[in-house]
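K.L.:
Okay, handing you the structure first.
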Amino acid sequence: EWATAIYADRLKKPGGTVNLIQKLLNNSMVVSRDVNGLQRFRLLEPVRQFIKEKLTPQELDYYGARHASIFAGLVEESSAQLLKGDQARWLEVLQGEVDNLRAAFRWALEHDDAETALRMAAYVWRFLEIRGYFAEGRQRVEEAIGLKGADEHPVLLERALSGSGWLAYRQADFAAAQMWMERALALAERNQNQAGIANARNDLGNVARIHGEYTLAREHLTECLRMERDNGNQRMVAVALFNLGAVALDEGNLEEASRKLSQSLDSFREQSNSREIAFPLRSLAEVALLRKEWVLARDYAEESLGIRRTLKDNKGCADTLCTMAWIEIRAGDTAAAEKYLIESLALAKAIGDRRALSEALEIAALTHAQRKNYPVVVQLAAGVARVRERLGFVLQPVRRVFMDEITAAAKLQMGENEYQGLWSRGESRELNAVIDLALQPVGAS
């Protein structure tokens, strides 16, 4: 289908692509393989290089432009589908075309085609986010934003700015995330784009929450909720409710958190939006955990993890596994907690998610506290505190209660001088060394 689309104007009759590819296959010029039930074709590399040398610069530009346009169209078509019931299939479609997506993006950037590059950036970033292509995605999207002529496509530019902010947010680069989101808000306000304004207010509400600015977070998110209700955007209403519930959870207001998170969950279920169902499920698991309702907490968390595994959402898996470890620690099953922690840390480390790493390391500190391994507890707490300080990611009040409990117990056990010495040692450790400290005893056990 892609070959036909690219070469359609050169084919003498419909269906000619199949005959041509069959001839190439028969003469070993092209090879094929089955991928998830689809037959895919590629040129042998020497053949590809030979053909590239024979094409004129005009022909190379012509076919490159057609290829880039087709795959920009694919990501645009898929963007809305990633928020609907068939999202798992569309994620696999995009994953199967990832090298074509890279080639299309690269061609647009190399040829200063701002419109095509921004189309790619505006519509592919959610796929990149779900599948954990954070660093690569940020680089490409930021390059598209920086192209000459990007300002001539304000709708696409605004979406790309939002996507860049969200990819930075997922990588725990909160300063960059805020900068991109504020640019998206300014552009949306300049163009009087109400949907864009509401979306940017939601994004900035998330950043404010990360910084512990809960009043500002609630202000942004409440305004987003009002606007999206006026707009009739059911999906964004559910998103705003979730984020307001997350703010309440951070503050320890379990009644408000449970109410808003449940409303969000019900709305996402009505929309068959599986991926975003997983978000309130995980947070509701933490509400149940704080209420010591272990069975309910496990049920919510396991459903969340099942969705995230199905969609191959590594960031989401790391987050939910961390919550599952926390549940098992509080329920008294340290062995199960360690198993979840090891996987959570490995996933978060693989995708460079420092936020998930810091939260998992704090849960690891709770595990070591159960063993009364207080020297490790103190160093983990200090190392993570330093990471949070560098990121601008505050320790949520609801989690601070637990961290204060275990560090106070450590200080009581060892005395002020030893405690301060270990705290200083933990602060001086690099993140990888803190991870190693958390995992070494776990592996030995």
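The values are calculated or read from the model by the stated rules, or taken from the named source; none is laboratory data. All values reported here derive from a predicted model rather than from experimental measurement. When we count neighbours, we look across all protein chains shown, and the Cβ atoms used for this are built from the backbone with ideal geometry, even at glycine. Surface accessibility is based on the protein's heavy atoms, side chains included, excluding ligands, DNA and RNA. Shrake-Rupley method; radii C 1.70, N 1.55, O 1.52, S 1.80 Å.
K.L.:
For region 1-60, list the helices (runs of 4 or more DSSP H) that sit wholly inside it and hold at least 2 residues that are in contact with a Phe, Trp or Tyr (Cβ under 9 Å, 6 or more places away or on another chain); which are they? Don't jump to the end; show me each part of the working.
P.N.:
On the way: elements: 2-7, 16-26, 45-54.
Helices (runs of 4 or more DSSP H) meeting the threshold: 2-7, 16-26.
K.L.:
Please pick out the residue among A172, A200 that is assigned to a loop (DSSP other than H, G, I, E, B), touching a residue at least 12 places away in the same chain (Cβ under 8 Å), over 22 Å from E77 (Cβ atoms) and under 20 Å from the mean Cα position of the chain (by Cα).
P.N.:
Values: A200 fails: assigned to a loop (DSSP other than H, G, I, E, B).
Sole residue among the options that is assigned to a loop (DSSP other than H, G, I, E, B), touching a residue at least 12 places away in the same chain (Cβ under 8 Å), over 22 Å from E77 (Cβ atoms) and under 20 Å from the mean Cα position of the chain (by Cα): A172.
K.L.:
Residues being open to solvent by 10 Å² or more (accessible area, probe 1.4 Å) and either among the basic types (K, R) or in contact (Cβ under 8 Å) with a residue 24 or more places away in the chain (or both): count how many of those fall in region 293-302. Spell out the reasoning first.
P.N.:
Keep residues of region 293-302 that are open to solvent by 10 Å² or more (accessible area, probe 1.4 Å), which gives 293-296, 298-300, 302.
Still in the running and either among the basic types (K, R) or in contact (Cβ under 8 Å) with a residue 24 or more places away in the chain (or both): 294, 298.
Result for region 293-302: 2.
K.L.:
Restricting region 34-67 to residues that are of a type in the set (V, I, T) and either touching a strand residue (DSSP E or B) at 6+ places or on another chain (Cβ under 7 Å) or under 22 Å from K23 (Cα atoms) (or both), which is surrounded by the most Cβ atoms within 10 Å (Cβ to Cβ)?
P.N.:
Residues of region 34-67 that are of a type in the set (V, I, T), as a first pass: 35, 47, 51, 56.
Filter once more, so that each one left must be either touching a strand residue (DSSP E or B) at 6+ places or on another chain (Cβ under 7 Å) or under 22 Å from K23 (Cα atoms) (or both): 35, 47, 51.
Values: V35: 11, V47: 15, I51: 12.
The qualifying residue surrounded by the most Cβ atoms within 10 Å (Cβ to Cβ) is V47.
K.L.:
Return the total of residues in region 110-138 being open to solvent by 30 Å² or more (accessible area, probe 1.4 Å) and of a type in the set (A, V, I, L, M, F, W, C).
P.N.:
1
K.L.:
Separate question: Kindly indicate whether any position in region 200-215 is surrounded by 23 or more Cβ atoms within 10 Å (Cβ to Cβ), over 21 Å from R282 (Cα atoms) and hydrophobic (A, V, I, L, M, F, W, C).
P.N.:
Yes; the residues of region 200-215 include at least one that is surrounded by 23 or more Cβ atoms within 10 Å (Cβ to Cβ), over 21 Å from R282 (Cα atoms) and hydrophobic (A, V, I, L, M, F, W, C).
K.L.:
Further, regarding this structure: Can you tell me how many residues within region 74-101 are in contact (Cβ under 8 Å) with a residue 12 or more places away in the chain and either in a helix (DSSP H, G or I) or open to solvent by 30 Å² or more (accessible area, probe 1.4 Å) (or both)? Break it down stepwise before answering.
P.N.:
Going through region 74-101, the residues in contact (Cβ under 8 Å) with a residue 12 or more places away in the chain turn out to be 74-76, 78-79, 82-85, 87-88, 90-97, 100-101.
Imposing the further condition that a residue be either in a helix (DSSP H, G or I) or open to solvent by 30 Å² or more (accessible area, probe 1.4 Å) (or both) reduces the set to 74-76, 78-79, 83-85, 87-88, 90-96, 100-101.
Total meeting the criteria: 19.
K.L.:
Could you tell me which of the residues V18, V30 is open to solvent by 90 Å² or more (accessible area, probe 1.4 Å) and either farther than 28 Å from A117 by Cα or in contact with a Leu (Cβ under 6 Å, 6 or more places away or on another chain) (or both)?
P.N.:
Checking each option against the conditions leaves just V18.
K.L.:
Determine whether A369 is within 20 Å of L395 (Cβ to Cβ), in a helix (DSSP H, G or I) and either open to solvent by 10 Å² or more (accessible area, probe 1.4 Å) or without any contact (Cβ under 8 Å) to a residue 40 or more places away in the chain (or both). Lay out the reasoning, then the answer.
P.N.:
Values: within 20 Å of L395 (Cβ to Cβ): yes; in a helix (DSSP H, G or I): yes; either open to solvent by 10 Å² or more (accessible area, probe 1.4 Å) or without any contact (Cβ under 8 Å) to a residue 40 or more places away in the chain (or both): yes.
Yes.
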